[in-house]
Amino acid sequence: MPDRSTKSPSARPSRLAEVAELAAVSPATVSRVFNAPHLVGAETLKRVTEVAERLNYAPDGVAASLRRHRSLVVGAVMPSLRHAYFASTVEGLQSELAGSGYTLLLGVSQFDDQAELGAVRSMIRQGVDGLVIVGRRHDPALLPLIADSGKPYVLTWSYDAELPSVGVDHRKAMQAAVDHLLDLGHRDFAALMAFPSIDREQERIAGITDALSRRGLSFTPDRLIDAGGSSLQNGRNAFRSARARYPSATAIVCTNDLLAAGVLMECSAGGIAVPRDLSVVGYGDLDVAAALNPPMTTVRVPSEEMGRIAARSLVSRLNGKDDLLHIEIATELVVRSSSGPAPLPQQR
C-alpha cells in the first residue's frame, strides 16, 4: 500500500482529519491555519502547512462558498494607492477579511466618479459578496446600483449618520487643529487644499471656517488656495501663492500632510523660521510628519484601524447580523514643533 504522505499532485486531496492526525493537532486548528493563520502559533502553522503540502490538501473553499451561496470575495474601490492614507486602509481590510476567509478584490478610481461606478458595476457582475467604498460623494447612480444588487456595503473614511459607515468626522477633526492655533494667538490664516471637489476636503475646510467663526473671525474663500494636487511640489507651489497674497498670515492650515510637508520645505528654502515666523499644520499623520524638521503638528487618522473595523462590520452583516449602522473613528491632534505662538507684530 502506498504511503499516503507521498500522493502525487493528481491524487484526490486528503481530508482535513488526515492532516490533523499527522500534524498532531485538532481539525479545528487545521481550519484556523487556512482561514485565520494569524491566530495560530508559528510552529504549529509551519507543521500543519508542511503536512498539508505533503498530502496535497487544500480546503474546498469553492464548494463551501457554493453551499452558502457566496463567493467569499469582497470588493473595495479606493480613490488612490499612491499615498499611505488609503494604502493603510487596504492593509487593514485585507488582513481582517483574510482572517474571516474572504479575498479582497481591489479597484482604484483615481478620484473619478465614473471610474468608481464602473469598478463597482464590474465587481457586482463578478459576484462579490459585499462592497467597500470611500467617502459620501459619488456618481448619483452608485448607491442605487448597489441597492438594486442587494449587496451589503460600507462607506469608509467619512462618517455618515444615515448610511452604513466606518469613518471620520473631518469637520470636527479640523476644528481641533484650528482651535489649537487660535489658542496660540493666531488670527491671520490661509489654507491649502488638494482636491476641492472631494467631500472629505470640503468638510475639513468647513471645520476651519467653523472654528474661526466661533471666535468671531471670518475665513473668506480667497484665503483658500487650490494646490492642484497633493504632492510635495503642489504644497511648495501653493505656499508661494499664499505667501504672495497674504504675507501677514501667521498660520497655514493644510488639508493633508504632503501639502504641509511641501510648505515646510519651502519655508526652509526661503529662510522662514517655523514656528517662530509661521505655524504649519497638516492632516493625516503620515510617517513623514514626525520625521520632518521641524516635526509636523497634524491630525492623526487611524486609517488601518478604519479598514479593520469596516471589514469586521461588513463580515458581520454578511453573516446575517445587521448591526452595522454608523461607526465614528476618533481622530487625535498630534502637537509637534511646527506650531507655536503667533509672532508679535514687531517680530514679523
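Read the figures in this text as sums done on the coordinates, not as results from a lab. Remember, predicted model here, so these are calculated numbers, not experimental data. Cβ placement follows ideal geometry from the backbone for every residue including glycine, while neighbour counts extend to all protein chains displayed.
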Mind checking region 104-145 for trypsin sites (Lys or Arg not before Pro) that DSSP puts in a loop (not H, G, I, E or B) and that have at most 14 other Cβ atoms within 10 Å? 137
Sorted from largest down, give the three principal axis spans of the alpha carbons of the chain, whole angstrom values. 95, 44, 30
Pull up all non-local amide H partners of residue 225: gap of 5 or more, or a different chain, and H-to-H distance under 5 Å with H placed in the peptide plane. 191, 192, 193
Once amide H atoms are built 1.01 Å from N in the peptide plane, which residues 5 or more positions from residue 108, or in another chain, come under 5 Å H to H? 78
Residue by residue through region 81-90, which ³J(HN,Hα) values in whole Hz follow from phi under the Karplus form 6.51 cos²θ - 1.76 cosθ + 1.60 (θ = phi - 60°), with glycine and proline marked x? 10, 5, 10, 5, 3, 7, 4, 5, 4, 4
Give the average over all directions of the projected area of the C-alpha convex hull of region 122-263, one decimal, in nm². 9.9 nm²
Output the peptides 19-28, 74-83 sorted from most to least packed, where packing is the average of other Cβ atoms within 10 Å over each peptide's residues. 74-83, 19-28
Percent antiparallel among DSSP beta bridges confined to the chain, nearest 5, equals 10 percent
Inter-probe distance in nm under a simple model that places probes 7 Å from Cα toward Cβ, at residue 217 and residue 112: 4.0 nm
What do you get for GluC sites (Glu not before Pro) in region 156-247 restricted to DSSP loop and a cutoff of at most 16 other Cβ within 10 Å of the site's Cβ? 162
Using alpha carbon centers only, region 96-167 is separated from region 225-283 by a whole-angstrom value of 34 Å
So who's got an amide H within less than 5 Å of the one on residue 137, skipping anything under 5 residues away but keeping other chains? H placed 1.01 Å off N, in plane. 199
Using θ = phi - 60° and Karplus 6.51 cos²θ - 1.76 cosθ + 1.60, couplings along region 211-227 (whole Hz; Gly, Pro as x): 4, 5, 4, 5, 9, x, 10, 9, 9, 7, x, 5, 7, 9, 9, 7, 7
Gain upon complete extension [residue 139, residue 335; 0.36 nm per residue less C-alpha separation]: 66.9 nm
